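A short worksheet on the structure shown next.
The values are calculated or read from the model by the stated rules, or taken from the named source; none is laboratory data. Here the structure is a predicted model, which means the values were calculated and not measured. All Cβ positions, glycine included, derive from the backbone under ideal geometry; neighbour counts span all protein chains shown. Side chains are part of the model used for accessible areas, which takes the heavy atoms of the whole protein and leaves out ligands, DNA and RNA. Shrake-Rupley method; radii C 1.70, N 1.55, O 1.52, S 1.80 Å.
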Amino acid sequence: PECHDQSSSSEYLQTLSTISSHSLTKEVFERTKKLKKLGISGSLGTLVKTNGDSDLFECLCRLSSLENLKLHSDESKLHALPQPDKFPKNLKRLSLHKTGLEWNNHMPILGGLQSLEVLKLKDKAFVGAEWKTEKGGFRSLKVLFIGDTDLENWEVKADDLPELRWLILKHIKSLEQMPSDFEHMKNLERIDLERTNRWLVKSAKDIQKSRPQIKLSVYPPEK
């Protein structure tokens, strides 16, 4: 919707499931200050510029009630992310689609989001062969979903994801080994693997052997 079509009732709007990036203006953000859930799709270059700065993202940051944000890139990958203090401070759920960000360059920024509890990375949201998690990040993250990526090597220390409860890996063919420190994550309750590979499944089963309380789900089920 264009900003001039917005009625005064928009200032009480709490959910805006999908809005085109081309329709976003400062006025739209000014009229929707009570948003709790927002989905943005299209070319995200207007939202976040190459150097990570953007007047529009500054407006997004001021949505103090925003808890759930979904960014879906339709055209080209996102070249940068704003620093953690430029995100809405109460953001609890973040979903990225087709953003093509690089693991080691951009994941530390998301790791700095202090309130983030659920992170969904879908459809090549992040690309590259290697990810080494940074110490001190993701202090509140409880659910991590990674789908359709070319990740081959993932290094994690047990205290890198201290609150993680649930890990979901989907359509990942190149990752053949679970980070061994997952068995030392005291809060981990569940691992779901969907359409991965037998080596990854085996390494997940090895983790479950040492931590039987972890529920492991594999699809399709092994014969």
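Extending 7 Å from the Cα toward the beta-carbon at both Asp150 and Arg62 defines two label points whose distance is 4.0 nm. My understanding is that a pair violates if its Cα-Cα distance is over 25 Å; which of Lys92/Lys202; Lys36/Lys186; Lys170/Lys202 do that in this structure? Pairs exceeding the cut-off: Lys92/Lys202; Lys36/Lys186. Just the protein heavy atoms count here, and of the accessible area of the chain at 1.4 Å, carbon and sulfur take up 46 percent.
Highest mean first, how do 164-170, 209-215 rank when packing is the count of other Cβ atoms within 10 Å averaged over residues?
Values: 164-170: 18.4, 209-215: 11.9.
My ranking of the peptides, most packed first, is 164-170, 209-215.
Quick check on the range 82-144: what are the equivalent-ellipsoid semi-axes from the Cα gyration tensor, as sqrt(5λ), descending, whole Å? Please report the intermediate quantities before stating the final value.
Values: eigenvalues 62, 35, 25 Å².
Semi-axes (√(5λ), whole Å): 18, 13, 11.
In the context of the full protein assembly, Asp181 retains an accessible surface of approximately 40 Å², using a probe radius of 1.4 Å and ignoring ligands and nucleic acids. Distance between the modelled labels on Ser210 and Lys135, one decimal in nanometres: 2.0 nm (7 Å Cα→Cβ projection). Summarising the amide proton neighbourhood of Thr99: residues at separation of 5 or more, or on other chains, whose placed amide H is nearer than 5 Å comprise Ser73, Ala125. Rounded to the nearest 10 degrees, the inclination of helix 198-210 to the longest alpha-carbon principal axis of the chain is 80 degrees.
Placing +1 on the Cβ of every Lys and Arg and -1 on the Cβ of every Asp and Glu, with no other charges, gives the chain a dipole of roughly 760 debye about its Cα centre. Per residue, the accessible area of the chain comes to 51 Å², computed with a 1.4 Å probe over protein heavy atoms only.
Label sites at Arg198 and Ser76, each approximated as a point 7 angstrom past Cα along Cα to Cβ, lie 4.3 nm apart. Glu163 label point, 7 Å along Cα→Cβ, cut-off 15 Å on backbone N: hits in the range 59-100? Zone members listed by number: 67-68, 89-94. Orientation-averaged projection of the chain equals 12.1 nm² [convex hull of Cα atoms, one quarter of hull surface area].
For Lys86, a cut-off of 18 angstrom between C-alpha atoms picks up these aspartates and glutamates, skipping any fewer than 8 places away in its own chain: Glu30, Asp53, Asp55, Glu58, Glu67, Glu117.
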